[in-house]
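A short write-up of the structure that comes next.
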Amino acid sequence: MSEINTKKDNAANDNLNLSKKGAETRRKILDAAEKVFGRKGYFEASIVNITQEAEVGQGTFYNYFQSKKDVYDQLIQHYNRNLRKAIKEKMTSATTHEEAQRNGFKAFFNWVKDHPELYSIVQQAIVVDQELYRWYYAKLADGFLKSLTVGVQDGEFKDIHLETTAYCLMSIGQFLGMRWVFWEGQNVPDEVFDSAMTLIFDGIKKS
């Protein structure tokens with residue numbers, strides 16, 4: 001997946017070269033694409049739908065994106081970068097690795113609540129672009145791997161197969177978020193959160 005990683009990195013770098021106004025316009029189009037793809041789905045959505053939602057001309061759209069697929073790709077990248085940033089920021093203030101993981105899960109649930117179309121748009125990638133779908137989850141798993149590795153090195157977590165652990169933890173967050181935040185539009189109940197954390201840390205913490 002090195003080619004797709006390079007494309008994602010290049011897209012991020014391109015955004016750094018935009019003026020403040022250009023960055024705001026690009027963000028406006030991405031916000032519109034988020035609503036349109038979430039509401040209509042990738043295959044039914046059109047560039048016209050997106051530009052009408054963003055209240056910009058089609059010429060303006062093509063100043064920032066090459067095609068409908070390009071804006072979809074960049075929206076997924078945008079989701080991924082901002083989600084990982086939000087999680088990392090919340091984990092940084094923790095004093096233990098367990099607290100860091102707890103904070104990371106809470107950050108994920110809060111981010112999903114603020115982006116209700118996340119699940120719909122990301123899951124569409126299964127049929128739109130499987131490599132993009134794999135990239136999205138591989139980047140999230142990589143963050144788990146890094147934090148779990150440090151936890152093992154510091155003697156707080158068990159030295160078990162960490163990639164397996166990372167995907168298991170990611171799955172717990174994914175489906176709890178879907179069950180309560182996405183489907184019900186509410187916060188994950190404290191009882192549910194505590195039960196999930198007990199399941200996780202009874203499994204991975206050293207006794």
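The values are calculated or read from the model by the stated rules, or taken from the named source; none is laboratory data. Values in this document were obtained by computation on a predicted structure and should not be read as measured data. Because the Cβ atoms are built from the backbone with ideal geometry, glycine has one as well, and the counts that use them run over all protein chains shown. In case anyone asks, the SASA skips ligands and DNA or RNA and just uses the protein heavy atoms, side chains included. Shrake-Rupley method; radii C 1.70, N 1.55, O 1.52, S 1.80 Å.
A simple rule links phi to the HN-Hα coupling: the Karplus curve 6.51 cos²θ - 1.76 cosθ + 1.60 with θ = phi - 60°, which for the stretch 17-25 gives 8, 7, 5, 4, 5, x, 5, 5, 5 Hz, with x for Gly and Pro.
Charge dipole (Cα centre; +1 on Lys/Arg Cβ, -1 on Asp/Glu Cβ; no other charges) of the chain amounts to roughly 440 debye. Using R₀ = 45 Å, calculate the FRET efficiency as 1/(1 + (r/R₀)^6) where r is the Cβ-Cβ separation of Gln58 and Lys88; round to 0.05. Efficiency computed from Cβ-Cβ geometry: 0.80.
Against the main long axis of the alpha-carbon atoms of the chain, helix 68-92 sits at an angle near 30°. Which shape class, rounded, prolate or oblate, goes with the stretch 104-145 when its Cα gyration tensor gives a ≥ b ≥ c as root eigenvalues, a/c under 1.5 marks rounded, and past that a/b bigger than b/c marks prolate? Verdict is oblate for the stretch 104-145.
By how many nm would the segment from Val150 to Ser46 grow when fully extended, if each residue of separation counts as 0.36 nm and the alpha-carbon distance is taken off? Kindly include the intermediate steps, with their values, before the conclusion.
Numbers: separation 104, 0.36 × 104 = 37.44 nm, distance 4.48 nm.
The Val150-Ser46 span can extend by a further 33.0 nm.
Of the listed values [x] 24, 21, 15; [y] 34, 18, 15; [z] 27, 19, 17, grab the one calculated as semi-axes √(5λ) of the Cα gyration tensor in Å from the structure here. Answer by label: [y]. If I fit a long axis through the Cα atoms of helix 130-153 and take the longest principal axis of the Cα atoms of the chain, what angle between them do I get, 0 to 90°, rounded to 10? That helix lies at roughly 30 degrees to the long axis.
Between rounded, prolate and oblate, where does the stretch 111-207 land on the alpha carbon gyration tensor, with a ≥ b ≥ c its root eigenvalues, rounded for a/c under 1.5, else prolate if a/b exceeds b/c? Let's see the in-between values first.
Working: a/c = 2.86, a/b = 1.33, b/c = 2.15.
In terms of gyration-tensor shape, oblate.
Shown in residue order for the stretch 52-58 are the 3J(HN,Hα) couplings computed by the Karplus curve 6.51 cos²θ - 1.76 cosθ + 1.60 at θ = phi - 60°: 5, 5, 7, 6, 10, x, 5 Hz (x for Gly and Pro). When chymotrypsin sites (Phe, Trp or Tyr not before Pro) are flagged only if DSSP places them in a loop and at most 13 other Cβ atoms lie within 10 Å, the longest unflagged stretch of the chain comes out as 44-182. For helix 118-128, what angle does its Cα long axis make with the longest principal axis of the chain, in degrees from 0 to 90 and rounded to 10? Value to nearest ten degrees: 70. Could you check the spin-label model distance between Glu99 and Asp194? Points 7 Å from the Cα along Cα→Cβ, value in nm. Between Glu99 and Asp194, the simple spin-label model gives 1.9 nm.
Grab the beta carbon distance between Asp202 and Glu131, set R0 = 25 Å, and tell me the FRET efficiency rounded to 0.05.
Working: r = 36 Å, r/R0 = 1.44.
E(calc), rounded to 0.05, equals 0.10.
Excluding ligands, DNA and RNA, the accessible surface per residue across the chain is 55 Å² with a 1.4 Å probe.
The local environment of Arg27, defined by Cβ-Cβ distances under 12 Å, has a net charge of +1 under the rule Lys, Arg +1 and Asp, Glu -1. Scaled to the globular estimate 2.2 N^0.38 Å, the Cα spread of the stretch 150-207, given as radius of gyration, is 1.28.
The alpha-carbon of Lys40 sits under 16 angstrom from the alpha-carbons of these lysines, leaving out residues fewer than 8 places away in its chain: Lys68, Lys69. Less than 5 angstrom separates the built amide H of Lys205 from those of Lys158, all sequence-distant by 5 or more or on a different chain.
Whole-Hz Karplus values for the stretch 96-104 come out as 10, 5, 4, 4, 4, 5, 4, 4, x Hz, taken residue by residue from phi with 6.51 cos²θ - 1.76 cosθ + 1.60 and θ = phi - 60°; glycine and proline positions read x.
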